[in-house]
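Quick notes on the structure that follows.
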Amino acid sequence: MPLSPEILVQAYASGAFPMADPEEGGAIYWHIPERRGIIPLDDRFSPSKNLMRLYRKEPFDLRINRDFEQVIRNCAELRADDTWISEEIIQAYCELNRLGLAHSFEAWDGDELVGGLYGVSLRRAFFGESMFHKRTDASKLCLVFLVEFLREQGFELLDSQYLNSHIAQFGAYEVEHNEFMFLLEQALSSVEA
């Protein structure tokens, strides 16, 4: 069954997300981790002082949804031989973007896209999918930009799917599946962001 916006929305609302398996011709598998990575939206979010100093200097033009497809394609190219972002996933998320449910946060240097991240938003939950950079700290600045935007818009949950050392440096942490589902249910039952 091809990915559709309806299937993706239902999956995210149920705590699942898709990944393509390059070793199986891009077959889509649904993932529900036992432990879920969360990036805090409160004062536990802790970018370094140097990064915040750089953020305030505005070395790049930070934008939302200027070129969603270019962001997701750059994320896919990071690991071209072993990526979980197949062409089917790219097309499905571009459709979500056209419907206003997927968003990219981007760093531009003139006309050059130098970093970015993308994810899915449902009510007051944002599900981070992937990020890339071509310039030092560009993706980190996009993450700070994302968190500031989500705070301003009253979001309650920033899901990072898995915890890794890159996002752990910002105060990200893991929760058990049951706790994640509780947080997700709260964010989805809140008034639309």
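Annotations for the structure displayed:
- Dipole magnitude of the range 65-193, debye to nearest 20 (Cβ charges: Lys/Arg +1, Asp/Glu -1, about Cα centre): 240 debye
- Kyte-Doolittle mean at least 0.0 and Cα axial length at least 15 Å: DSSP H helices in the chain: 138-152, 177-189
- Carbon plus sulfur fraction of accessible area for the range 100-166, probe 1.4 Å, in percent: 45 percent
- Relative contact order of the range 38-103, pairs being alpha-carbon contacts under 8 Å that are 6 or more residues apart, as %: 25 percent
- Reach of Lys49 by Cα under 14 Å, taken over aspartates and glutamates that are not fewer than 8 positions away in the same chain: Asp137
- Per residue, the accessible area of the range 1-84 comes to 61 Å² when a 1.4 Å probe rolls over the protein heavy atoms.
- Of the solvent-accessible surface of the range 10-96, computed with a 1.4 Å probe and all protein chains present, 45% belongs to carbon and sulfur.
- Cα-based shape type of the range 1-70, given that a ≥ b ≥ c are square roots of the gyration tensor eigenvalues and the cut on a/c is 1.5: prolate
- In Hz, Karplus ³J(HN,Hα) per residue of the range 116-127 (6.51, -1.76, 1.60; θ = phi - 60°; x = Gly, Pro): x, 8, 9, x, 10, 10, 10, 6, 9, 10, 10, 9
- In the chain, the calculated helix contribution to ellipticity at 222 nm averages -11000 deg cm²/dmol per residue, counting -39,500 (n - 2.57) for every DSSP H run with n ≥ 4.
- Computed Rg/Rh of the chain, alpha carbon atoms with Kirkwood Rh: 0.94
- Global geometry of the range 136-182, whether rounded, prolate or oblate, following the gyration tensor of its Cα atoms and the 1.5 cut on a/c: oblate
The values are calculated or read from the model by the stated rules, or taken from the named source; none is laboratory data. Note that the structure is a prediction, hence the values are computed from the model and not measured. Heads up, the Cβs are rebuilt from the backbone with ideal geometry, glycines too, and the neighbour counts pull from every protein chain shown. When the accessible area is computed, the model is the full protein with side chains, heavy atoms only, and any ligands, DNA or RNA have been set aside. Shrake-Rupley method; radii C 1.70, N 1.55, O 1.52, S 1.80 Å.
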